[in-house]
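Take a look at the structure set out below.
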Amino acid sequence: MQLGDVLDDFSLDVLTSSIEIDNVEIDSRLCVPGTLFFALDGTATRGARYGADAVNRGAVAVVASESLDLTVPVVVVPDSQLRPLVAHAAASVTGHPESDVELVGVTGTNGKTTVTVLVGALARALDWNGANIGTLTNERTTPAAPELFRTLRSLVDGFDSEKKRSLVALEVSSHALVQHRVEGLRFAVVAFTNLSHDHLDYHGSMQAYFDAKAQLFTTEHAQCAVIWCDDPYGQQLSSSIALGVSEVHRSDATEVTPSLFGTTFFWRNQLVNTPLVGDFNVDNALMAMTILSCLGASDSDIAHAMPQVTNVPGRFEVVGDGDEIVIVDYAHTPDGLRRVLSDVRTLAPEARILTVFGCGGDRDRTKRPEMGMVASTYSDVAIVTSDNPRSEDPDAIIDAIMTGVVPGTTVLREKDRRAAIALAFDNARRGDVIVLAGKGHESTQIIGDAVTPFDDRAVALEYLR
């Protein structure tokens, strides 16, 4: 594809316009011959400084917000247009794969991953092509535009052309919306799960965080919306947007029968039997089923498909079958942790709960005391440890968490996560429930600049044996 076709809104000279473009990148290290490089500014560095590196690796043109002295053409555009233009260019170079599928966009603080996975799984159970993009499939919750459109292209190319419908469910983060990563995408359905304390290091306030999420719910992005309205932010969103809204409430599920191995309930007069565990997973299931309903699937077909949906990795995942029950969950926000521990208390009312958790480094610091308060309130024994401390001192993170601990509760500290899990097993009795929170499906731990293998599920199985 020629550069003039990729940047079709800009006047380029004949030679520049005829440059062949095979790839779009925002990371100079990923550039190969035929790449169009966008010099985006990061949080700490200016993108312009990487222009020469991109050219040395094969970039044949650069788009930047300032003139650069390089050996390839540099197209200068206003800074406000740079990020939206990345998505436009990535979509063009990959052949607009988004036009060949029905897209579902899911945003919210908690539940995005589970809902998108459920939507993709339900689509497949209905004999559609179905897939999901997000935390479990890519490094970022919502990939940067070049990676996002390449992923979409790969999924579309892999779909069975004989099937009548193709669907991709995408987790849409607040960062992605602010940074225009989903610019130009048109969703058949957009969904909102809930909003609670997270990412305030980036957004600054809950209102700004909400406003970022609300950007998805416009006629530019979507045809209709599914909104969890037992959440006050969901109520606010539902009443303020121009889209048609399908409201979802917990009361949509009746006669709920939970256990540590699955849940049954009635929805729209249909019996739903699912292996999903936990009260909050009823909420996630209701969201996913309503999304499929908005896409035209019948209520009975959706209900009959639910038993085929498997548990989502690292989301209320019950590990092993020993004397102690171990639950691994990705809960890394105060509300997410509260909901997981509340569900454990409901499902195992006679058991003691031992919770191992921490907070990520270089992330929202204001939620750390809240995490300490929640864990100490809802656990019989809380063990504060490291999550992914990154560049921060693990002890300093733990100190911040400890400031929120409720006086008189049993709280231990052990910064080594493996040792903390061992400590939980040492303190556990037959019939207790150990909750390993924060990392879920993750298979590595980031300490300083080192990324080392670490999987809560694998470590738990070692101690269970």
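The values are calculated or read from the model by the stated rules, or taken from the named source; none is laboratory data. Just so you know, these numbers come straight off a predicted model, no measurement behind them. Here the Cβ positions follow ideal geometry from the backbone for every residue, glycine too, while neighbour counts run over all protein chains shown.
Here the helices (runs of 4 or more DSSP H) wholly within the range 357-465 that include at least 2 residues being within 23 Å of the chain's Cα centre (by Cα) are 368-378, 456-464. Restricting attention to the range 412-424 and to residues that are hydrophobic (A, V, I, L, M, F, W, C) and surrounded by fewer than 19 Cβ atoms within 10 Å (Cβ to Cβ), the residue that is nearest to residue 447 (Cα to Cα) turns out to be 419. I want to confirm something. Restricting to the range 399-411 and keeping residues that are under 17 Å from residue 354 (Cα atoms) and among the aliphatic types (A, V, I, L, M), which single residue is surrounded by the most Cβ atoms within 10 Å (Cβ to Cβ)? It comes out as 401. Does the range 188-202 hold any residues that are under 20 Å from residue 110 (Cβ atoms) and assigned to a strand (DSSP E or B), and which are they? Matches in the range 188-202: 189, 190, 191, 192. Scanning the range 335-356 for residues that are under 19 Å from the mean Cα position of the chain (by Cα), surrounded by 22 or more Cβ atoms within 10 Å (Cβ to Cβ) and of a type outside the set (A, V, I, L, M, F, W, C) returns 336, 339.
Within the range 84-91, is even one residue within 30 Å of residue 228 (Cα to Cα) and not assigned by TED's automatic domain parsing to the domain that holds residue 228? Checked against the condition, which is being within 30 Å of residue 228 (Cα to Cα) and not assigned by TED's automatic domain parsing to the domain that holds residue 228, the range 84-91 yields at least one hit. All told, residue 214 meets the bar of being small (Gly, Ala, Ser) and closer than 30 Å to residue 178 by Cβ.
Please tell me if residue 355 is modelled with pLDDT of 95 or more and in contact with a Pro (Cβ under 7 Å, 6 or more places away or on another chain). Spelling it out, it is not the case that residue 355 is modelled with pLDDT of 95 or more and in contact with a Pro (Cβ under 7 Å, 6 or more places away or on another chain).
Is there a residue being closer than 14 Å to residue 283 by Cα and at pLDDT 95 or above anywhere in the range 177-192? It would help to see each step written out before you state the result.
Step one: filter the range 177-192 for residues closer than 14 Å to residue 283 by Cα, giving 191-192.
Restricting the remaining residues to those that are at pLDDT 95 or above gives 191-192.
Yes: one or more hits.
For the range 31-57, a residue qualifies if it is buried (at least 16 other Cβ atoms within 10 Å of the Cβ) and either in contact with a strand residue (DSSP E or B) (Cβ under 6 Å, 6 or more places away or on another chain) or free of Cβ contacts under 8 Å to residues at least 12 places away in the same chain (or both), and the qualifying residues are 31, 34, 35, 36, 37, 38, 39, 48, 51, 54. Meeting the requirement of 3 or more residues that are modelled with pLDDT under 95, the helices (runs of 4 or more DSSP H) wholly within the range 203-294 are 206-214, 279-294. Sub-8 Å Cβ pairs linking a first residue in the range 90-116 that is surrounded by fewer than 19 Cβ atoms within 10 Å (Cβ to Cβ) to a second residue that is basic (Lys, Arg), at least 6 apart or interchain, are 95/153, ordered by first then second residue. One residue stands out among those in the range 252-269 that are among the polar types (S, T, N, Q) and surrounded by fewer than 16 Cβ atoms within 10 Å (Cβ to Cβ): the one that is nearest to residue 230 (Cα to Cα), which is 254.
Pairing residues of the range 6-22 that are under 18 Å from residue 35 (Cβ atoms) with residues that are part of a loop (DSSP other than H, G, I, E, B) and β-branched (Val, Ile, Thr), at Cβ distances under 6 Å and at least 6 apart in sequence or on separate chains, gives 6/21. Within the range 304-315, at least one residue is surrounded by fewer than 23 Cβ atoms within 10 Å (Cβ to Cβ), assigned to a helix (DSSP H, G or I), touching a strand residue (DSSP E or B) at 6+ places or on another chain (Cβ under 6 Å) and not acidic (Asp, Glu).
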